[in-house]
Amino acid sequence: MFEVPDWPGHLAGQHVDLRLTAEDGYSTQRSYSLASAPDGESVELTVQRVDDGEVSPYLTDELAVGDVVELRGPVGGWFVWRPEQKEPILLVAGGSGVVPLMAMIRMRRAVGSRTPFKLVYSVRSPEYQLFVPELRRDDPGLDKRYLYSRSTPPEWPRPPGRFTASDLSGAGWPPDFEPTCYVCGSTGFVETAAGLLVALGHHPGRIRTERFGPSG
Ligand SMILES: Cc1cc2nc3c(=O)[nH]c(=O)nc-3n(C[C@H](O)[C@H](O)[C@H](O)COP(=O)(O)OP(=O)(O)OC[C@H]3O[C@@H](n4cnc5c(N)ncnc54)[C@H](O)[C@@H]3O)c2cc1C
C-alpha cells in the first residue's frame, strides 16, 4: 500500500510504472497493476516474487514501511472496466494476472454494480493463489472457478493440467451473451486463453488482454 500525494484517481485495470533508484544513481523500472479500487491517495499493488528477478524480490522482501519509491501513472485506457458497462464480464487470470482483475472485482463491489462477473483463475498450485480470503467471501453476481496446472487442493474435482477450451466454455459466458473478456497473465497464458476464446466464438474485439511478461 502506498500513499501517493495528489494521486488523480484511477480506473480498474490500469497500472503504474514503478522506478527504483540506488544511491549510486542506477535506476530500473517495472510495471505493476493497481490492485485497489480508487480510494483517495492510497494505492495498493500486489507483487508476486520472481525468484531470480531484479525488482520483485526487493519489493517483496526488502521494501519497508516508510520507504519511498517513484510511481508514474495511472497508465492504460483499454484494459479497464468502467461501472457504466452493462454487458456480462469474463475475467481470465493466469497467476499474478489476477491483480488488475481484482481491481475490477473490488470496483464492482465498491459501486454496488449488479453487472454479472465470472472469474476463471488459473494457478500452478494452491500456494500461488492470491487474494484467497477475499475471493472466498460470498460476492453475489461473481462466479469463481479455479484451475490448477500442477497440483490441486485435496479432492479437487478437476485433475491438474493446462486449461482448455472446455474449462473456458464451462466456466465462462456463451459468446452470444456478448461478454467483454479481460485476459491477463504471462504472455504465453494470454495468447493461449485469447486464442481459445476466439475459437469458442467470442469476437476478438470483445477480448481485452494484458501481458505481464515471459513466463508468468
Ligand atoms: C502492465 C503490466 C502490469 C504488471 N502487473 C504486475 C502485478 O500486478 N504484479 C506482479 O507481480 N507483476 C506484474 N507485472 C510484471 C512485473 O512488471 C515484472 O515483470 C515482474 O515483477 C518481474 O520483475 P523482476 O525485476 O523481478 O524480474 P526481471 O529481473 O525483470 O526478470 C527475471 C527473470 O524472470 C523472468 N520474468 C520476467 N517477468 C516475469 C513474470 N511476470 N513472471 C515470471 N517470470 C518473469 C524473466 O524472463 C527473467 O528470466 C506486470 C507487468 C506489466 C507489463
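Just a few scattered comments:
- Only Lys, Arg (+1) and Asp, Glu (-1) charged, at Cβ; the chain dipole about Cα centre in debye: 1060 debye
- Note that region 14-30 has calculated 3J(HN,Hα) couplings of 6, 10, 10, 9, 9, 10, 10, 10, 7, 4, 7, x, 5, 9, 8, 9, 9 Hz, one per residue in order, obtained from phi through the Karplus relation 6.51 cos²θ - 1.76 cosθ + 1.60 (θ = phi - 60°); glycine and proline are x.
- Amide hydrogen neighbours beyond the local backbone of residue 45, cut-off 5 Å, H modeled: 2, 35
- Using the Cα coordinates of the chain, the gyration tensor eigenvalues translate into equivalent-ellipsoid semi-axes of 29, 21, 16 Å, sorted from longest to shortest.
- 3J(HN,Hα) along region 100-115: x, 6, 5, 4, 5, 4, 5, 5, 4, 5, 4, 9, x, 5, 9, 4 Hz, from the Karplus curve 6.51 cos²θ - 1.76 cosθ + 1.60 with θ = phi - 60°, whole Hz, x for Gly and Pro.
- Kirkwood Rh, angstrom, region 89-211 [1 / mean 1/r, Cα pairs]: 14.5 Å
- When the trypsin sites (Lys or Arg not before Pro) in region 1-81 are filtered for DSSP coil states and for at most 10 other beta-carbon atoms within 10 Å of their beta-carbon, no site remains.
- Whole-percent carbon and sulfur share, accessible surface of region 2-75, 1.4 Å: 46 percent
- When each of the peptides 180-187, 80-87 is scored by the mean number of other C-beta atoms lying within 10 Å of its residues, the order from highest to lowest reads 180-187, 80-87.
- Residue 213 long-range amide H proximity, modeled H, under 5 Å: 187
- Taking the chain as a Gaussian network of alpha-carbon nodes connected by springs under 10 Å, the highest mean-square fluctuation of the residues 63, 18, 119 belongs to 63.
- In loop segments of region 1-81 as defined by DSSP, the GluC sites (Glu not before Pro) with at most 12 further C-beta atoms inside 10 Å of their C-beta are 23, 41, 54.
- On the basis of the beta-carbon distance and an R0 of 30 Å, residue 158 and residue 114 show a calculated FRET efficiency of 0.55.
- Restricting region 86-160 to GluC sites (Glu not before Pro) that sit in a DSSP loop and have at most 16 other Cβ atoms within 10 Å of their own Cβ leaves 155.
- Shown in residue order for region 52-68 are the 3J(HN,Hα) couplings computed by the Karplus curve 6.51 cos²θ - 1.76 cosθ + 1.60 at θ = phi - 60°: 9, x, 8, 9, 4, x, 5, 5, 7, 9, 10, 4, 10, 4, x, 5, 10 Hz (x for Gly and Pro).
- All-pairs Cα distance distribution in region 2-75, expressed in whole percent, bin size 10 Å: 18, 53, 26, 2
- Amide H contacts of residue 207 (H built 1.01 Å from N, under 5 Å, at least 5 apart or other chain): 181
- Solvent-accessible heavy-atom area per residue, rounded to whole Å², over region 89-211 at 1.4 Å: 46 Å²
The values are calculated or read from the model by the stated rules, or taken from the named source; none is laboratory data. Keep in mind the model is a prediction, meaning the values are calculated, not measured. Cβ atoms come from the backbone with ideal geometry, glycine included; neighbour counts cover every protein chain shown. Accessible surface areas use protein heavy atoms only, side chains included; no ligands, DNA or RNA. Shrake-Rupley method; radii C 1.70, N 1.55, O 1.52, S 1.80 Å.
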